[in-house]
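Below: one structure, written as C-alpha cells.
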C-alpha cells in the first residue's frame, strides 16, 4: 500500500506522511477507512514502528486521521483538513515554481513538466 525510499531522499516519516495524505486527498482512502496498524506498516516497509507512529501523529494533528484506543487509526478527511492540505500543496508548488524560474527554467518547461505528469 505504501512505498518509500530508504536511502537518500526525504526522511521516511515524511515520505509515509506524504503518501497517506495523497491517498486521502485523492479519495483513494475513504472517510472512516481503517489504516493499517503501526506494526503492520513497520513490518511491511522494514522500518522502526516509531517512524510510522511519528507519521500517524502528524496526520492526526492535522485532522486527516483519528485514533480510537485499542481499535486503530481511521481516515477523517474533513473538508477543512483536505482544503488546508490542498492550500499548502499549492503554496509549496508556487514557491518551487518561483525558485525554478529564478534558476532560469522557462515557464514553457514548467508547463510541459506539469502536463507530462
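The values are calculated or read from the model by the stated rules, or taken from the named source; none is laboratory data. Note that the structure is predicted; figures quoted are calculated from it, not measured. Cβ atoms come from the backbone with ideal geometry, glycine included; neighbour counts cover every protein chain shown.
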Filter result (in contact with a strand residue (DSSP E or B) (Cβ under 7 Å, 6 or more places away or on another chain), assigned to a helix (DSSP H, G or I) and at pLDDT below 95) within the stretch 53-68
59, 60
Candidate set: the stretch 20-43, residues that are exposed (fewer than 15 other Cβ atoms within 10 Å of the Cβ) and outside any loop (DSSP other than H, G, I, E, B); chosen: the one modelled with the lowest pLDDT:
22
In the stretch 69-81, what residues are over 19 Å from residue 14 (Cβ atoms) and at pLDDT below 85?
77, 78, 79, 80
The one condition in (1) outside any helix (DSSP H, G or I); (2) under 26 Å from residue 5 (Cβ atoms) that residue 50 fails to fulfil:
(1)
Among the numbered criteria (1) over 17 Å from residue 16 (Cβ atoms); (2) surrounded by 14 or more Cβ atoms within 10 Å (Cβ to Cβ), which one does residue 86 miss?
(2)
